[in-house]
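Below: one structure, written as C-alpha cells.
The values are calculated or read from the model by the stated rules, or taken from the named source; none is laboratory data. Keep in mind that this is a model prediction, so the values were computed, not measured. Neighbour counts run over all protein chains shown; Cβ positions are idealised from the backbone, glycine included. Side chains included, ligands, DNA and RNA excluded: accessible areas come from the protein's heavy atoms. Shrake-Rupley method; radii C 1.70, N 1.55, O 1.52, S 1.80 Å.
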Amino acid sequence: MIEKAVEQLLKDIPEYVTVVAAAKTRTVAEVEAAFRAGIRHFGHNYVQEAQAMISQVNFKANWHMIGHLQRNKVNAALHLFNLIETVDSIRLVKEIEKRAAQQEKTIPVLIEINSGREENKSGVLPEQVDELVQAVSAFEHLHLEGLMTMGPRFGDPEESRPYFIETRRIFERLENLNLPNVQMRYLSMGMSNSYRVAIDEGANVIRVGTLIFGSRD
Ligand SMILES: *Cc1c(COP(=O)(O)O)cnc(C)c1O
C-alpha cells in the first residue's frame, strides 16, 4: 500500500520537488516502508514523538520539524532535525540562535507564513515577515532557506491557490533582497489534497501524510 502510494506520487510530480512524508501518528514500520519506497525526507510535528521514532528507525534520512516549535524544545529539536520549517517569532529565533551557538552548529530554517490569516494558527502574517527575516538574517547560527505555509484547509484544493500565490510572491520578493544568511531555496506548500495546486504555484517541497500512509483516523 505505502510502496504503491509513494511510487504513484513520485511519478506524478516533477523531479525537482522534494516530498516530505508527514509522519505524525504513524508507526516505525510505516515510515520504514516509505523509506524503502524512496522517501528521503520525513516531517514531524512533535519533538518527543520524533525523538522516539528517529531512535528506532533502521535508516538515516532528513528530518524536518513541521509542527509548532516551543522554545523549551529547541535544544532537543536541534539534535533531531535537519531543517526547521516553522520559525514564526523573534523570540523563537533568539532561542534557536542561542542553542545552535551552544551546539556549535548552523541550522537551516524556513519561516512559516500564516497565509490564511487565521487566528490561533501558527505562522507570521504576511505583513510581519520582513521583520522576522531581518532578525534571522542578523544571526549567524540560523540560515534562512525559504518559506512554508499551510493555508486554510479546504475540501476543494483550488480554494488554496490564492494562499499559495501570496506565499510565492513573498518568497520571490525576499529572494531579490539578497540578504546575508538568506538563500531562498525551498518553498514548502501543499499537502495530500493540494500538492498539485501548490506545485503549480511554485512549491518545490510538499508535505504529504494521508496520501502516502492512509487516513489518520
Ligand atoms: C499532517 C501535516 C501535513 C500532511 O497532511 P496530509 O493532509 O495528511 O497530507 C502537512 N503539513 C503539516 C504541517 C502537517 O502537520
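Starting from the Cα of T106, step 7 Å along the direction of its Cβ; do the same at A138; then give the gap between the two resulting points in nm.
If labels sit at T106 and A138, their model points lie 1.9 nm apart.
Sorted by average packing, counted as other Cβ atoms within 10 angstrom per residue and highest first, what order do 9-16, 128-135 take?
128-135, 9-16
What net charge do the residues around N193 carry, taking every other residue with its C-beta under 11 Å from that of N193, with Lys and Arg at +1 and Asp and Glu at -1?
Charge balance near N193 sits at -1.
How many angstrom lie between the Cα centre of segment 192-217 and the Cα centre of segment 106-139?
When both Cα centres are located, 21 Å separates them.
Show that you can apply the helix-only estimate: for the chain, add -39,500 (n - 2.57) for every DSSP H stretch of four or more residues, divide by all residues, and state [θ] at 222 nm to the nearest 500.
The per-residue figure over the chain is -11500 deg cm²/dmol.
Using every Cα-Cα pair within segment 2-213, state what percent have a distance larger than 24 Å.
Taking all Cα-Cα pairs of segment 2-213, the fraction more than 24 Å apart is 39 percent.
Amide H to amide H, which residues 5 or more places from H141 or on other chains are under 5 Å from it, using H placed in the peptide plane?
Counting only residues 5 or more places away or on other chains, the set is empty.
What's the carbon and sulfur percent of segment 2-213's accessible surface, probe 1.4 angstrom, rounded to a whole number?
Within segment 2-213, the accessible surface is 45 percent carbon and sulfur.
Taking θ = phi - 60°, what integer Hz values does the Karplus form 6.51 cos²θ - 1.76 cosθ + 1.60 yield along segment 74-81, in sequence order, with x for Gly and Pro?
Result, rounded to whole Hz: 4, 4, 5, 4, 5, 7, 9, 9.
Would you kindly find the accessible area of S194, with a 1.4 Å probe and non-protein molecules such as ligands, DNA and RNA excluded, rounding to the nearest 10 Å²?
Result for S194: roughly 10 Å² accessible.
Could you tell me which residue out of N204, V136, I170 lies farthest along the dipole of segment 112-217 toward its positive end? Charges go on the beta carbon: Lys and Arg +1, Asp and Glu -1, centred on the Cα centre.
It is N204, whose Cα lies furthest towards the positive end.
Leaving out ligands and nucleic acids, and using a 1.4 Å probe, what accessible area per residue does the chain come to in Å²?
Accessible area per residue, the chain: 49 Å².
In a shell of Cβ-Cβ distance under 13 Å around E95, excluding E95 itself, what net charge do Lys and Arg (+1) and Asp and Glu (-1) give?
Every neighbour counted, the sum reads +4.
Rg and Dmax in Å for segment 39-120, alpha carbons only: what are they?
My reading of the Cα-based Rg and Dmax gives 12.9, 40 Å.
With Kirkwood's inverse mean 1/r over C-alpha pairs for Rh, give me the Rg to Rh ratio of segment 96-202, two decimals please.
Reported Rg/Rh, Kirkwood definition of Rh: 1.00.
Given a cut-off of 14 Å, what percent of all Cα-Cα pairs of segment 1-76 lie beyond it?
Of the Cα pairs, 61 percent sit more than 14 Å apart.
So if we plug the beta-carbon distance of N75 and L177 into 1/(1 + (r/R0)^6) with R0 = 22 Å, what FRET efficiency do we get, rounded to 0.05?
It comes to 0.10.
Let me know the charge dipole size of segment 1-134 about its Cα centre in debye, to the nearest 20, where only the beta-carbon of Lys, Arg (+1) and Asp, Glu (-1) is charged.
460
Which whole-Hz ³J(HN,Hα) couplings does segment 48-58 yield from phi under the Karplus relation 6.51 cos²θ - 1.76 cosθ + 1.60, θ = phi - 60°, glycine and proline marked x?
5, 5, 5, 4, 4, 5, 5, 6, 9, 6, 8
If Lys and Arg each add +1 and Asp and Glu each add -1, what is the summed charge of the other residues whose beta carbon sits under 10 Å from the beta carbon of G146?
Summing Lys/Arg as +1 and Asp/Glu as -1 gives -2.
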